[in-house]
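The values are calculated or read from the model by the stated rules, or taken from the named source; none is laboratory data. Since the structure is predicted, the reported quantities are computational estimates derived from the model, not experimental observations. Ideal geometry is used to build each Cβ from the backbone, glycine not excepted, and the neighbour counts take in all protein chains shown. Calculation scope for accessible area: heavy atoms of the full protein, side chains included, ligands and nucleic acids excluded. Shrake-Rupley method; radii C 1.70, N 1.55, O 1.52, S 1.80 Å.
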Amino acid sequence: SSSTYTIMLKAYRNLNDIDGALRLLKKMTESAYHVISERHFSILIHMCSKITNTMIAEELFQLMVDHYNITPTGLSVAALMDVYIASGVPQESLSLFKKYAQLKPVDEGLISIYNRAITARIEMGEKIECEKLFDMITQLNLNTDSEFYRVMIRYLATLEKDYETAENILDQLIEHPNLQADASHFETMMEAYDSISYRDGVLKLFAKMTKNEVPLNSKILHHLIKSTFKI
């Protein structure tokens, strides 16, 4: 089924095996063409961010549109934008933003495209442009997601250097009735504290993670060990 193939593609993603994933896509095309969805392509495209191969990602995106007749939504567009950002060409992701969020906005997942556009502007150090994008999200009354909170935390901590407000945003997410904080939100905050050598702040964040039963990842563990060692 479609969900079975999704699980298999995620397994290849976790193994960072792009060749195995592409072989699976070929098998799917030959035996189960009708179950192939945008989600499958978004997983494949996103894998290219780890190997920073924009060429494969672009070919997959065009293959999805031209050969499989799948109309892009925020899911696949955001995946390709992630590849550009990870590959050090954030300006390319802004071209996608212009096409799929401004000229002809996608019908679904528009907030994901805005999230990546803000991330690209953060990478380029463009504070005013980030503020404009936040204003546009408010004007369009877009439903925000947990990724939006992570982007806002990063913006506040990285460009504004407003660590107090950034942590308040994290607290709002923790208390949110519908959204959930995960390790990536704490990781973003920890990276900011690490950059200013605020070791106690890292440990306090970890205590907050523990209190709210948020599972840690390897990067959280790295910051935790580093801060403990420095102290």
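With a 1.4 Å probe and all protein chains left in place, how much of the accessible area of the chain comes from carbon and sulfur atoms, in whole percent? Intermediate results must be reported in sequence, preceding the final value.
Details: 6240 of 12370 Å².
C and S atoms contribute 50 percent here.
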Given a cut-off of 18 Å, name the pairs among LYS50/LYS219; LYS204/LYS226; LYS127/LYS219; LYS127/LYS161; LYS10/LYS50; LYS50/LYS226 whose C-alpha atoms lie farther apart than that in the structure shown.
LYS127/LYS219; LYS50/LYS226
So what J values fall out for the range 154-159 if you push phi through Karplus, 6.51 cos²θ - 1.76 cosθ + 1.60 with θ = phi - 60°, rounded to Hz, Gly and Pro as x?
5, 4, 5, 7, 8, 8
Per residue, how much accessible surface does the range 87-126 expose to a 1.4 Å probe? Answer in Å², no decimals.
49
Which aspartates and glutamates does LYS98 reach when only Cα atoms under 19 Å apart count, and residues fewer than 8 places away in its own chain are ignored?
GLU58, ASP82, ASP107, GLU108, GLU123, GLU126, GLU129, GLU131, ASP135
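How long are the semi-axes of the equivalent ellipsoid of the range 56-158, taking √(5λ) for every eigenvalue λ of the Cα gyration tensor, in whole Å from largest down? Walk me through the numbers on the way to the answer.
Working: eigenvalues 104, 49, 24 Å².
Ellipsoid half-lengths, sorted descending, are 23, 16, 11 Å.
Please report, in cubic angstrom per residue, the volume enclosed by the convex hull of the alpha-carbon atoms of the range 26-72.
Working: hull volume 3.3 nm³, N = 47.
Hull volume over Cα atoms, normalised by residue count, gives 70 Å³.
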For a protection proxy built on the mean count of beta-carbon atoms within 10 angstrom, sort 101-112, 179-190 highest first, please.
179-190, 101-112
Alpha carbon centroid spacing (whole Å) that separates the range 188-205 from the range 1-68
36
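Using a 1.4 Å probe, what is the accessible area per residue for the range 130-221, in Å²?
Working: 5060 Å² over 92 residues.
Spelled out: the 1.4 Å probe surface of the range 130-221, per residue, equals 55 Å².
I want to verify the translational diffusion coefficient of the chain in µm²/s; compute it with Stokes-Einstein, Rh as the Kirkwood radius over Cα pairs, at 25 °C and 0.890 mPa s.
Values: Rh = 19.0 Å.
Roughly 129 µm²/s, to the nearest whole number.
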